[in-house]
Amino acid sequence: MKNHISNTAALAFSLLSGLIFGIGLILAGMANPAKVLAFLDVSGWWDPSLGLVMAGAIGIGLIAFTIAKKRQLSYLGFSIQLPANRTIDQRLVIGSMAFGIGWGLVGICPAPAFVLLGAGNGKGLIFVVAMIIGMGIYELLEHYRKPAGK
């Protein structure tokens, strides 16, 4: 039996999930760039506490992906779309390095940036604007990279 819900209910569940995720980021300290930078500073005043947060997230993610792989539909009745590409190529490596360098320089990654933006933090605004510009540059490069007609 398929479990289908309305778009309004789906949006409500999405909002609730986002709020729980955002609150989790705040409670874990992931929305605090200083705490993140202290975690990344392994040669100085290293704060290993975010490692426990990451380990917990990986554990929960493993369980969630294991369950999702066995299902065709989510609990809300939507099709499950898991990543299929397992290729490690130059684009993935360069993108990962750019992400890591940016994270290491400012201590912010996309999800905490939106938490900071929602809190009215200027660093969050600057990060989100820079992220959108970067995504736009990527789309332009992809557009010109693809052969005409595809």
>> So, in the range 116-135, how many residues would count as being touching a residue at least 60 places away in the same chain (Cβ under 8 Å) and open to solvent by less than 30 Å² (accessible area, probe 1.4 Å)?
In response: 1
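Does residue 79 count as under 30 Å from residue 9 (Cα atoms), without any contact (Cβ under 8 Å) to a residue 40 or more places away in the chain and small (Gly, Ala, Ser)?
Numbers: under 30 Å from residue 9 (Cα atoms): yes; without any contact (Cβ under 8 Å) to a residue 40 or more places away in the chain: yes; small (Gly, Ala, Ser): yes.
Taking the combined requirement at face value, the residue satisfies it.
Can you pull out the residues in the range 21-77 that are of a type in the set (Val, Ile, Thr) and under 16 Å from the mean Cα position of the chain (by Cα)? Step through it out loud before you land on a result.
Of the residues in the range 21-77, the ones of a type in the set (Val, Ile, Thr) are 23, 26, 36, 42, 53, 58, 60, 63, 66-67.
Result: 23, 26, 36, 53, 58, 60.
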> Restricting attention to the range 38-64, which residues are surrounded by 11 or more Cβ atoms within 10 Å (Cβ to Cβ) and among the hydrophobic types (A, V, I, L, M, F, W, C)?
Replying inline: 38, 39, 40, 46, 50, 53, 54, 57
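The values are calculated or read from the model by the stated rules, or taken from the named source; none is laboratory data. The structure presented is a predicted model; accordingly, all values stated were derived computationally and were not measured. Glycine gets a Cβ as well: all are built from the backbone with ideal geometry, and neighbour counts include every protein chain shown. Each accessible area value is taken on the protein alone, full model and side chains, heavy atoms only, with ligands, DNA and RNA left out. Shrake-Rupley method; radii C 1.70, N 1.55, O 1.52, S 1.80 Å.
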